[in-house]
Structures are given as structure tokens and as C-alpha cells.
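Everything on this sheet refers to the single structure shown next.
The values are calculated or read from the model by the stated rules, or taken from the named source; none is laboratory data. Note that this is a predicted model, so its numbers are computed, not measured. Here the Cβ positions follow ideal geometry from the backbone for every residue, glycine too, while neighbour counts run over all protein chains shown. These area figures cover heavy atoms from the full protein model, side chains too; ligands, DNA and RNA do not enter into them. Shrake-Rupley method; radii C 1.70, N 1.55, O 1.52, S 1.80 Å.
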Amino acid sequence: MSSKAPTSQATSSLPPSVFTLPQTAQLEALYTIIRDKNTRRGDFLFYSDRIIRLLVEEGLNHLPVVPKTIETPTGCSYEGVGFEGKICGVSILRAGEAMEAGLREVCRSVRIGKILIQRDEETAQPKLFYSKFPPDIAQRYVLLLDPMLATGGSAMKAIEVLMEHGVPEDRIIFINLISSPEGLNTFCKKYPLVRVITGWIDQGLNEKAYIIPGLGDFGERRYCS
Ligand code: URA
């Protein structure tokens, strides 16, 4: 039997707002499956969902709690904590939609907004095409969902739009499966108060702005192959 020790990432060089999942051999095995170009769609769905679930749970760890005292069935008083404040998800279309089910699995009846950002062909800048948010989004913590942080352009535009809707920067938690170091650094310089939960930080970007080694086009892998 061969076992691989957990790999540790150079987290000390990461911006303080970035949190990776524990880089265990188990997690690496999940990533190896979804990165493999020969993995079929059914397995891609199953294993990417497992990672999404871990990411959502880690994202929820960053929400504040308040003291809460309850009584247990044994008649004891227990001084615990309860969740403070309301949350919502916002998925960046279309790939971010794939993460909605994972959020719903752990947060029953959570409200989920959507945002569509595409490249403006004239300016080459990310442009907002559509957004729909819960009306009280400014009072909620927002879990922003997008599987791949490549250049960071779409995510930064999404943060800009959320802040225009009154969401404070430090109430946004951005969750993604794979980040590029350059996208991560650009994003964190612009929005240092947004917490970024990422499953894995890859080597970089290729000339087409795909993450390498990456997993290819997440939307294609998830919906089409
Ligand atoms: N979006 C993807 O789906 N894959 C990448 O590598 C980069 C952006």
C-alpha cells in the first residue's frame, strides 16, 4: 500500500484574507479525478460536488456566532453558540450555478442571487449583463460562488456590484475550487477584506487565461462532456 503524506502549501506567502482547504492526500485524490481529462461527466459531477461541499463548510466557518444557552434532554444547561446574521449565496453565471446545490445541502432554504458578467468586446473589460439579488442583500453575509479564479476579472466585477448594492466588503466570502496565484493576488490587493476560500492554488495561467494545470473549462466539464 502506498500512502502520500499531506502536501502543505506555502500559506505564509498568501495574503491574510486567503484560506485554503487542508491540503490532505484525500483532497488531492479528489482533485486528481476532476483534473483528469479522461474523467467522465458523472464522476466529474460527483467528485467536484464533494469538494464544493468541503468549501461551503469551510466558508461557513468564517461566519460570526453569538453566545447561546440551551437546555439538553438530560436537563443540563449548555452554554454554546448560535449563528449570527443572515446569509445568502450569489453565483456568478454560469459555472457558479454548479455550486448552488452544495450550498443548499448545508443551508436549507438559503436565498441565492445570480450575476452574469461577460467580457465587453469593445473595452475587453468585464461587464455586468444581469443581476438578481435578495432585496435585503445589504443586511446579509454573502457567499459568492465561482469555481475558477483565473484572472480575477469577473470576481472583482461581482464584488463591485455587490458593494454598489450596499454589501460591506468584509461581509463577502468568495468560494472557489481552484485559483491562479496571479488572480488571487490581484483580487486580494483590490479587495483585502473579502475572505477567499479556495480548494487549491495552481501554477498560473496559460496564454488563453486558463488555469494550469487546472481542469479545463469547468462549465464544459460540468454541463457538456
Ligand atoms: N474558467 C474555467 O472554467 N477554467 C479555467 O481554467 C479558467 C476559467
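Look through Val66, Val81 and report the one residue that is open to solvent by 40 Å² or more (accessible area, probe 1.4 Å), more than 23 Å from Ile212 (Cβ to Cβ) and touching an Asp or Glu at 6+ places or on another chain (Cβ under 8 Å).
On the way: Val81 fails: touching an Asp or Glu at 6+ places or on another chain (Cβ under 8 Å).
Step by step, each of Val66, Val81 is checked, and only Val66 is open to solvent by 40 Å² or more (accessible area, probe 1.4 Å), more than 23 Å from Ile212 (Cβ to Cβ) and touching an Asp or Glu at 6+ places or on another chain (Cβ under 8 Å).
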Inset, instruction - Starting from the range 84-95, keep only residues that are away from the ligand (no atom under 14 Å from the Cβ) and assigned to a strand (DSSP E or B), then list their pairs with residues that are open to solvent by 20 Å² or more (accessible area, probe 1.4 Å) and small (Gly, Ala, Ser) whose Cβ atoms are within a distance under 9 Å, requiring at least 6 positions of separation or different chains. - result: Val90/Ser131
Inset, instruction - Output the qualifying pairs, or none if there are none: Cβ atoms under 6 angstrom, residues six or more apart or on different chains, first residue in the range 173-195 and more than 10 Å from Thr151 (Cβ to Cβ), second residue at pLDDT 95 or above and of a type in the set (Lys, Arg). - result: Ile173/Arg195
Inset, instruction - Evaluate the following for Ile52: is it modelled with pLDDT of 95 or more, in contact with a Pro (Cβ under 9 Å, 6 or more places away or on another chain) and either assigned to a loop (DSSP other than H, G, I, E, B) or open to solvent by less than 70 Å² (accessible area, probe 1.4 Å) (or both)? - result: yes
Inset, instruction - Would you check which residues across the range 52-66 are of a type outside the set (Lys, Arg) and over 11 Å from Glu84 (Cα atoms) and list them? - result: Ile52, Leu54, Leu55, Val56, Glu57, Glu58, Gly59, Leu60, Asn61, His62
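For every residue, the table says whether it meets (1) under 24 Å from Arg195 (Cβ atoms); (2) out of contact with any strand residue (DSSP E or B) (no Cβ under 7 Å at 6 or more places or on another chain); (3) not aliphatic (A, V, I, L, M).
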site: Gly75; (1), (2), (3): no, yes, yes
site: Gly80; (1), (2), (3): yes, no, yes
site: Cys107; (1), (2), (3): yes, no, yes
site: Ile112; (1), (2), (3): yes, no, no
